[in-house]
Amino acid sequence: MENEYLEKEIHIDPPKYVVKTTLDANMQLEASNAVQGKGFKIFTYVCMALCVGMFIALIVIYFNDKNPSNLFMAALLLLTIAFLIYNKYSMPKKSMARWEMSINRTYGTKALHLTTEFYERSLIQLVLESEESMSDSGYSEISEMKETENLFLLRCGKRQWYFVEKKGFQVGSADSFRKFISERIGGK
């Protein structure tokens, strides 16, 4: 009886989709922009608009009463506006440079190479640069999908995302994958 059980072959269905993804600083930036809420972007623009409005008001008040403190405050607001603009455009690049340095220090490369296999009820993602780095999830754990120009981003939990490069499909296609994953998000 034991021999019969041992002799039975276990059959595992092949993956429905296999995707190779190269995760570099540009892909990371694209993903960060996609997952960053619209509320944060709106808040940034509102802050800039308020600063510009206050700057204009201080300049008008200065010309009416010639109080030098208004001119000083206007100069401080102008510096604040310049900082906000500089920060908006330079911080993402600096963040990606830090991310790339961290990846290079940890893995000895500037990009990670991911292979993701999608099965009927679950997915597995492997990081080529690390034999120990493997993630697996059932589709019930995937709560959201965001799509960018080059990526499908699958949210698993609060802070984990699976990166799936649209050009990286080895088995299946990006178009059929979109329908496949949409039907399974949240364990549907």
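The values are calculated or read from the model by the stated rules, or taken from the named source; none is laboratory data. In this text, all values refer to a predicted model and were calculated from it rather than measured experimentally. Counting neighbours? That spans all protein chains shown, and the Cβs are built from the backbone with ideal geometry, glycine included. These area figures cover heavy atoms from the full protein model, side chains too; ligands, DNA and RNA do not enter into them. Shrake-Rupley method; radii C 1.70, N 1.55, O 1.52, S 1.80 Å.
Please find the FRET efficiency linking residue 105 to residue 56, where r is the Cβ-Cβ separation and R0 is fixed at 41 Å, and quote it to the nearest 0.05.
Between residue 105 and residue 56 the formula returns 0.30.
Would you mind checking which residues have amide H under 5 Å from residue 119's amide H? H placed 1.01 Å from N; only 5 or more apart, or other chain.
Amide H to amide H, under 5 Å and 5 or more residues apart or across chains, residue 119 pairs with 16, 124.
Rounded to the nearest 500, what is the chain's calculated 222 nm mean residue ellipticity when only DSSP H runs of at least 4 contribute -39500 (n - 2.57) each, over all residues?
-17000 deg cm²/dmol
Carbon and sulfur: what percent of the stretch 117-182's accessible surface (1.4 Å probe)?
Roughly 44 percent, rounded to a whole number.
Within the stretch 43-60, which residues have the backbone N less than 20 Å from the label spot 7 Å out from residue 91 along Cα→beta-carbon, could you tell me?
Only 43-53 fall inside the zone, counting backbone N under 20 Å.
Taking only Cα atoms and a 10 Å spring cutoff, compute GNM fluctuations for the chain and point out the largest among 171, 46, 18.
46
Would you work out which of 77, 42, 29 lies farthest towards the positive end of the dipole of the stretch 1-131, given +1 charges on the beta-carbon of Lys and Arg and -1 on that of Asp and Glu, about the Cα centre?
Selected residue: 77.
At a 1.4 Å probe radius, which order do 165, 132, 141, 100 fall into by accessible area, largest first?
Accessible-area ranking of 165, 132, 141, 100, largest first: 132, 141, 100, 165.
Residue 23: net charge of surrounding residues, Cβ under 11 Å, Lys/Arg +1, Asp/Glu -1, itself excluded?
My count for the surroundings of residue 23 gives -3.
Give me the distance between the Cα centres of the stretch 129-188 and the stretch 8-59, rounded to whole Å.
Cα centres, the stretch 129-188 to the stretch 8-59: 15 Å.
Suppose accessible area is computed on protein heavy atoms with a 1.4 Å probe; arrange 94, 66 from highest to lowest.
The ordering from most to least exposed comes out as 66, 94.
Can you work out the Karplus-derived ³J(HN,Hα) for every residue in the stretch 41-54? Use 6.51 cos²θ - 1.76 cosθ + 1.60 with θ = phi - 60°, whole Hz, and x for glycine or proline.
My calculation for the stretch 41-54 gives 5, 5, 4, 4, 5, 5, 4, 4, 5, 5, 5, 5, x, 5 Hz in order.
Mind checking the dipole of the chain: about its Cα centre, +1 per Lys or Arg Cβ, -1 per Asp or Glu Cβ, Debye to the nearest 20?
1280 debye
To make sure I understand the rule: partners must be lysines, Cα under 18 Å from the Cα of residue 167, and not fewer than 8 residues away in the same chain. Which ones qualify?
Reachable lysines: 16, 20, 146, 179.
Given R₀ = 45 Å, FRET efficiency for residue 43-residue 22 by Cβ-Cβ distance, to 0.05?
Calculated transfer efficiency: 0.85.
Kindly report the accessible area of the stretch 1-136 per residue (heavy atoms of protein chains, probe 1.4 Å, no ligands, DNA or RNA), in Å².
Heavy-atom accessible area per residue stands at 73 Å².
Sort 112, 71 from largest to smallest accessible area, using a 1.4 Å probe on the heavy atoms of the protein chains.
71, 112
Calculate the translational D of the chain in whole µm² s⁻¹ from Stokes-Einstein, where the hydrodynamic radius comes from the Kirkwood formula applied to all Cα pairs, the temperature is 10 °C and the viscosity 1.306 mPa s.
This corresponds to a translational diffusion coefficient of 78 µm²/s.
List, in order, the whole-Hz ³J(HN,Hα) value for each residue of the stretch 104-116 obtained from phi through the Karplus relation with A = 6.51, B = -1.76, C = 1.60 and θ = phi - 60°; use x for Gly and Pro.
Going residue by residue, I get 5, 5, 6, 10, x, 8, 8, 9, 9, 10, 10, 10, 10 Hz, with x marking Gly and Pro.
Please list, in order along the stretch 169-183, the HN-Hα scalar couplings obtained from phi with the Karplus expression 6.51 cos²θ - 1.76 cosθ + 1.60 (θ = phi - 60°), rounded to whole Hz, x for Gly and Pro.
So the Karplus estimates, Gly and Pro as x, are 6, 8, 10, x, 9, 4, 5, 6, 5, 3, 5, 4, 6, 4, 6 Hz.
What residues have an amide H closer than 5 Å to that of residue 161, excluding those fewer than 5 places away on the same chain, when H is modeled at 1.01 Å from N in the peptide plane?
156
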